[in-house]
Structures are given as C-alpha cells and as structure tokens.
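Notes follow once the structure below has been shown.
The values are calculated or read from the model by the stated rules, or taken from the named source; none is laboratory data. Bear in mind the structure is a predicted one, so any value in this text is a computation, not a measurement. Glycine gets a Cβ as well: all are built from the backbone with ideal geometry, and neighbour counts include every protein chain shown.
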Amino acid sequence: MGRNVSNRRLRAGIVGGGKGSFIGAVHRVAAELDGQAEVVAGAMSTDPQRAEESARAWFLDRSYASYEEMAEKEANRPDGIDFVIVATPNHMHYPVAKAFLEHGIHVVSDKPMSFSLEEAKEEVALAERSNLIFALTHNYTGYPMVRQARDLVRSGALGEIRKVLVEYIQDWLMGPEENSGNKQAAWRTDPTKSGIAGCVGDIGTHAENLLEFITGQKIASLSADLSTFVQGRQLDDDANMLLRLENGAKGLLTCSQIAAGEENNLSIRVYGTRAGLEWHQMEPNTLLFKQPGQPTQIYRTNGAYTSDAAKAAARTPGGHPEGFYEAFANVYKLAIADIRRVESGEKPLGGYPTVYDGLRGMLFITKSVESSQKGATWVDMKL
C-alpha cells in the first residue's frame, strides 16, 4: 500500500474472462464505466494462445501466461496494477485472489468467493491480515431501487420484517447443454470446477445475498430440497428452501435453471408489520411499496423522493433505463473509492459486498447441500 493514486485512473488486471466468456467483458465495462479505472493487463486463459488473443482483442498493454507470473511481475512494476479482477470458474477464485493479496494487490472477485467453505475462511483471514480491499461482485446490490428498498427497511417504513419471498429462476439448463459444447454450461455443472452445488452456487447465492442485503437480517437456519432434473447431470439444477431469519421472520427461497420460459427472473418481496415491498430485476427501475388498505406506491429510479443512497447509484435522469452494467459498475465505483482511501491512509467506507458476504455465500451453499442430503432437515447457518 501507499501507491500514489490521487491523480490518475487506477490500473486493473484481469484473470480469466477471455474469448467465449460472458462475465469477463461485463467486468471490464463495469470497471471502466465511470472513468476511474482502466484494464491494462491480463492472464485471460490457461491456454497461452487464447490468452494472447484475448489480451490483443482488448488492446491490453500486457498479457501473461499465468496468474502467478502476473501477480509477481505486476507487484514489482512501478506502473503495476492497483487491483485484480477475478473472472475465472469457481475453483480458481481462491488461488488467484490469494496470489494477488499476498503480493499487496487489491481484489475484486466474481462470486461465489471460493470453491469450498474452508477456502472462504482462509480468504477472510488473508484479507484481514493484508488490510487490502476485497470486493465481491454481487452486482444486484448496485441497483438504485435495491438501495431504495434497503433504506425503506432501515427507516422502519415496513415495520418489523415478518416474511420474505425471493426467487431466481432461469431456463438455460433445461437440457444437457454441458454435452453440446457450451463452455459456460460445462464448467457450471462440473463439480471439480463449480464446487458442491450447481444452481444454488450460481444463482441461489444471489438470492441469498439480496435477501440479507435488503432486510439487514441474516438467515439463521434453513431447510433445503435440491433436485437434479436433467438426467446425467452431476449437480443440482433446481432448489426450494424454507428459511428462518435471525429476527424470527420466515422466508421462502427458490432458484432454478430448468424453469421453462424464464430468463433472469430475480425477484424479491418483503413484508413487515406496517408495509411490504416488491422488486423485479427484469424491471429494475421500479420498486413497489404496499400498505394495507392503500394504493400501491411506485418508486422509480432517480426520483426526487428517493433516498440519498438510491440517488448516488443512479447515473441518468429519471425515465432513462439503467440496468445490469450500471448496477455492476456501482460495486466497482464504491470499491475503487475505497482503494483510493486505503492507499491514502484513510479508512474504507464500504457499501458494497465484501469478503464477509463471500463467506456468508459459501456457508449458504454448504448448509443448503447438507440439509438436502439429510432429507431437507433444518440446519443452522453457523460456521
């Protein structure tokens, strides 16, 4: 730490995200959207030719054959990267993040944070020892209306939370896509690369994180029923769960990648003793606020009546659609601001998912699988 970052864009590197990757390009756009950072280096594939071609397509200054080489050389360059983007399959999240943290480089990682719960625990300890910024791209937390929903809960407008319904359902794995050359399907359904869960790890963690982010309540225990509907698939492609939150509220969480006709249907409804709210990711600029016996109120992105946090997450005047890339970029905007603070000797302010949210996600995956394997028995969400 101690780099001079006050008068320039931050320099970023990326591991993974090469040709054929959807999420790599998303990370790059998000990191660069606000003009605060630029991706200049990469180790974009374990295949040297693909890595070089990918870096050349992005006009990167430097391309590396391995993340180990990249971490060591960038740490020793006067113009080395300030943070690394981890955009690999799940099994590489931890070793890549570890290498860069150990070389004094901040980390922005895709989720889930690691391959296993034990790795996640080690990652928390490593991040704490390093005093570096570790941001996790649970990008749905970046939507202005998600921030508005959180502020409504915090203000007491809903009263005491009683019930939460959250779902993330898709249809892209209805068939054995992993056997037809689909690279994204292949690694996500492979337990050696994805981990112990498929659908739960890939999108169920987004539902879990969104629930805890908006309500401010942690899941205390759960009863999970994981299913694999596609014959021959090794990991779950559908899950249904009962939840108990730490304040005594009850919840339902469902995630599926075999729900015919669904795209990226992430939705949440929260009900308290005074009011309820409802948000749908596919209509992200609208938040519904419901009171008994009253007309439903409609909150819109960047309305004059929205909270300061919601306004800060918006970039355009109300009525102009803001979506996935902008929400993703909000995680980067907040993390980059904290990297600047830390490098200047100040304390970080947060406001984005961190290594601790990553630990919660890995605990959620582990406990969901454990519960399902025990016949959907209740298990505590404790380390």
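Remarks
- Where a residue in the stretch 69-92 is surrounded by fewer than 20 Cβ atoms within 10 Å (Cβ to Cβ) and its partner, wherever it lies, is at pLDDT 95 or above and of a type in the set (Val, Ile, Thr), with Cβ under 7 Å and at least six apart: ALA75/ILE105; HIS91/THR192
- For THR306: the one exception among (1) under 18 Å from GLY198 (Cβ atoms); (2) touching a Phe, Trp or Tyr at 6+ places or on another chain (Cβ under 7 Å); (3) not in a strand (DSSP E or B): (1)
- Total residues in the stretch 269-299 satisfying the condition of being touching a Ser or Thr at 6+ places or on another chain (Cβ under 8 Å) and crowded, with 18+ Cβ neighbours inside 10 Å: the figure is 7.
- GLY159 surrounded by fewer than 23 Cβ atoms within 10 Å (Cβ to Cβ), at positive phi and either in a helix (DSSP H, G or I) or not acidic (Asp, Glu) (or both): yes
- Among the conditions (1) in contact with a helix residue (DSSP H, G or I) (Cβ under 9 Å, 6 or more places away or on another chain); (2) part of a loop (DSSP other than H, G, I, E, B); (3) without any contact (Cβ under 8 Å) to a residue 60 or more places away in the chain; (4) of a type in the set (A, V, I, L, M, F, W, C), ALA41 misses just one, which is (2).
- If you go through the stretch 95-118 and keep only what is assigned to a helix (DSSP H, G or I), surrounded by fewer than 22 Cβ atoms within 10 Å (Cβ to Cβ) and of a type outside the set (A, V, I, L, M), you end up with PRO95, LYS98, GLU102, GLU118.
- Residue match in the stretch 171-191 (condition: in the same structural domain as LEU235 (by TED's automatic domain parsing), under 17 Å from SER368 (Cβ atoms), touching a residue at least 60 places away in the same chain (Cβ under 8 Å) and over 17 Å from the mean Cα position of the chain (by Cα)): no
- A search for C-beta distances below 7 Å between a residue of the stretch 260-282 that is not assigned by TED's automatic domain parsing to the domain that holds GLU167 and of a type in the set (Gly, Ala, Ser) and any residue that is in a strand (DSSP E or B) and at pLDDT below 95, counting only pairs 6+ apart in sequence or on different chains, returns nothing.
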